[in-house]
Ligand SMILES: [Zn+2]
């Protein structure tokens, strides 16, 4: 009888240890979740999210439509535009597509935010457009597969900005 109650007590203590361990684990999990939530809600997290949003907006709502306008120009004029600004207004309806949402100079600059290189079929790896306004990333538009003047499919890429050596 005495031995049995001793066994029970020990068993009970072990159960409590397991429960305490689980509670501690739960607390750690809750703490890290709330830490992450606070991080995302505060300035650092919010600006990171805003930055990602601008990157997406610039690529999909500005650069890809602009690349499509360059293709329309090629079909219409028989050559790619010399300056990307030349696609407006005949081949591009909205002038704002010439500008990155992060470019504060905007339309007043009268120059596109993007670096433009007229495509040459023998240099398919040269990006058509590059946006330098998303440090530390560079957003660029390259042909998907073969380049077919007037009908090339353009896709977005990102690369890390090369650090200048000083
Ligand atoms: Zn941009």
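Do we have any residue at all in the range 82-94 that's within 16 Å of the ligand (Cβ to nearest atom), under 30 Å from residue 126 (Cβ atoms), exposed (fewer than 14 other Cβ atoms within 10 Å of the Cβ) and under 24 Å from the mean Cα position of the chain (by Cα)?
yes
Which one of the conditions (1) surrounded by 14 or more Cβ atoms within 10 Å (Cβ to Cβ); (2) without any contact (Cβ under 8 Å) to a residue 60 or more places away in the chain; (3) part of a helix (DSSP H, G or I); (4) in contact with a helix residue (DSSP H, G or I) (Cβ under 7 Å, 6 or more places away or on another chain) does residue 39 fail to meet, given that it meets all the rest?
Looking at each condition in turn, residue 39 falls short on (1).
Can you name the residue in the range 148-161 that is assigned to a loop (DSSP other than H, G, I, E, B) and modelled with pLDDT of 90 or more and is also surrounded by the fewest Cβ atoms within 10 Å (Cβ to Cβ) among such residues?
The selected residue is 151.
Listed here are the residues, each with its yes/no results for (1) within 16 Å of the ligand (Cβ to nearest atom); (2) within 16 Å of the chain's Cα centre (by Cα); (3) at pLDDT 95 or above; (4) in a loop (DSSP other than H, G, I, E, B).
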site	(1), (2), (3), (4)
60	yes, yes, yes, no
70	no, no, yes, no
76	no, no, yes, no
104	yes, no, no, yes
124	no, no, no, yes
163	no, no, no, yes
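Might you let me know whether the range 129-145 holds any residue that is touching a residue at least 24 places away in the same chain (Cβ under 8 Å), in contact with a helix residue (DSSP H, G or I) (Cβ under 9 Å, 6 or more places away or on another chain), farther than 28 Å from residue 47 by Cβ and within 16 Å of the ligand (Cβ to nearest atom)?
no
Test each condition in (1) surrounded by fewer than 12 Cβ atoms within 10 Å (Cβ to Cβ); (2) touching a residue at least 12 places away in the same chain (Cβ under 8 Å); (3) within 14 Å of the ligand (Cβ to nearest atom) for residue 97 and report the one that comes out false.
(1)
The values are calculated or read from the model by the stated rules, or taken from the named source; none is laboratory data. From a predicted model like this one, the values you see are computed outputs, not experimental measurements. We place every Cβ from the backbone using ideal geometry, glycine too, and count neighbours over all the protein chains shown.
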